[in-house]
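Working notes for the structure below.
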Amino acid sequence: DWLEVYYDAKDLADAAVTSVTDLSPNTNTGTGTDVTVSNGAFVFNGTSSRISGAITQGAGAYVHTAGLWYYTNDDPTTLADYIYQLGSGGTNTSPSIQISSGKLYISFMSNYYQISVSSAGILAKQWVHIFYSYDGSLTTQNSVTVYINGVKMNMTGPLGSSAGSALSLGENPQLRVGCSASNASLVNGSIANFRLFNRALTS
């Protein structure tokens, strides 16, 4: 229920994919660039791989939940990955999950929360489930909730020059899985079971 986008490779044969079917009722099919499927997950090469799509959505404080499984081949204390990003990347307009310099970020761009990767238990070559929800209000300690492997996390934030502001998502935003809005900071690893909901889901 309430799914905007659902990308899952669990029933796909191991091979390269150029079109990624949206399994939600909205059929927001994505385009796979240099993405392969292996063992029920999408595999990203760290240099050119990405899934590109878009959603139909009005502008404003987009209430949403994002969840996925993430596996990195790199050291999470030193890598710089955009695991997913929605929107163009402008200040306070673009929700994302990022890992950079040993921290996991739930970021709206210059308005973000952070958790150390060690606290989150994110390790190289180990699957981790990342899940967050945003209720559409001004960003506070209570408006964003993050779960790692099903455990609610303590976060630092909101931080940044726009901290405390409500998200201001642009209309009909682009979606990137495995990289940033500018196709940079690419994942070297795998992502499975990506879901974006238009509700703030609870535990």
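The values are calculated or read from the model by the stated rules, or taken from the named source; none is laboratory data. In this text the structure is predicted, and so the values were computed from the model without any measurement. Note that each Cβ is placed from the backbone with ideal geometry, even for glycine, and that neighbours are counted across all protein chains shown. Ligands, DNA and RNA are stripped out before the accessible areas are found, and what is left, the full protein with its side chains, is counted by its heavy atoms. Shrake-Rupley method; radii C 1.70, N 1.55, O 1.52, S 1.80 Å.
Can you pull out the strands (runs of 3 or more DSSP E) entirely within the stretch 3-88 that have at least 3 residues that are of a type in the set (A, V, I, L, M), in contact with a helix residue (DSSP H, G or I) (Cβ under 7 Å, 6 or more places away or on another chain) and open to solvent by 60 Å² or more (accessible area, probe 1.4 Å)?
Details: elements: 3-7, 15-20, 30-38, 41-45, 50-54, 64-72, 80-86.
Filter on the stretch 3-88 gives an empty set.
Looking at this structure, is residue 162 over 17 Å from the mean Cα position of the chain (by Cα), modelled with pLDDT of 95 or more and under 23 Å from residue 57 (Cβ atoms)?
Against the criterion (over 17 Å from the mean Cα position of the chain (by Cα), modelled with pLDDT of 95 or more and under 23 Å from residue 57 (Cβ atoms)), residue 162 qualifies.
Within the stretch 123-203, considering only strands (runs of 3 or more DSSP E) that don't extend past its boundaries, which have at least 2 residues that are closer than 30 Å to residue 31 by Cβ? Give the steps one after another, and end with the answer.
Working: elements: 128-134, 144-148, 156-159, 174-177, 188-197.
Qualifying strands (runs of 3 or more DSSP E): 128-134, 144-148, 174-177, 188-197.
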